[in-house]
Amino acid sequence: MYDLPSTLEIFKKWNTANQLSEFIRILNEKGIILDEENTVQRISRNMFENWKTVCTSYLVENGYNGGINLSCIAFEIKERGFVYALYDMDLFEIKDVKTYIENYNYSLLI
């Protein structure tokens with residue numbers, strides 16, 4: 001068995017592939033991003049589960065201009081399983097995150 005890369009390690013690899021820019025763009029525009037976001041490849045639940053303040057700092061250094069109170073949460077959604085969200089706590093309450101997840105246009109994922 002091997003250790004999974006940290007979220008920060010993944011972000012640093014992404015920085016060369018413009019995936020980080022897309023991740024930041026979505027977070028800047030919406031204040032929330034899901035592990036099922038269809039425009040950013042390879043977002044994993046592990047990235048959200050292992051979120052640390054250094055990850056937020058790295059996003060800020062690379063163009064994120066939203067709130068620094070980012071948090072992660074997961075909800076079990078019928079026929080989707082667990083869906084993870086990274087969100088700005090200054091913009092969303094937990095109930096709003098769940099509503100966002102429930103209303104997310106999953107047809108774009110097919």
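The values are calculated or read from the model by the stated rules, or taken from the named source; none is laboratory data. These numbers were taken from a predicted model, which means no experiment stands behind them. Every residue, glycine as well, gets a Cβ built from its backbone with ideal geometry; the counts of neighbours run over all protein chains shown. Remember, those area values only see protein heavy atoms, side chains included, never the ligands or the DNA or RNA. Shrake-Rupley method; radii C 1.70, N 1.55, O 1.52, S 1.80 Å.
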The chain, accessible surface, carbon-and-sulfur percent (1.4 angstrom probe)
50
Of the candidate values (1) -1.21, -1.31, -1.33; (2) -1.11, -1.45, -1.56; (3) -1.01, -1.21, -1.28, the one computed for log10 I(q)/I(0) by the Debye sum over Cα atoms at q = 0.20, 0.23, 0.24 Å⁻¹ from this structure is (2)
Computed for the chain: size of charge dipole around the Cα centre, +1 on C-beta of each Lys and Arg, -1 on C-beta of each Asp and Glu, debye to nearest 20, value 160
Given the DSSP H assignment, sum -39500 (n - 2.57) over each helix run of at least 4 residues in the chain and divide by its residue total; what's the result at 222 nm in deg cm²/dmol, nearest 500?
-11000 deg cm²/dmol
For the pair Ser57/Arg80, report the inter-label distance in nm, with labels modelled 7 Å from Cα in the Cβ direction.
3.3
With every protein chain in place, what's the accessible area of Glu36 (1.4 Å probe, Å², nearest 10)?
40
Which ³J(HN,Hα) values in Hz, rounded to whole numbers, follow from the phi angles of region 84-91 under the Karplus curve 6.51 cos²θ - 1.76 cosθ + 1.60, where θ = phi - 60° and Gly and Pro get x?
9, 10, 10, 9, 7, 5, 7, 9
Candidate residues Asp88, Asp3, Asp96, Asp35: accessible-area rank, largest first, probe 1.4 Å:
Asp3, Asp96, Asp35, Asp88
Got the relative contact order for the chain handy, in percent, Cα pairs under 8 Å and 6 or more residues apart?
27
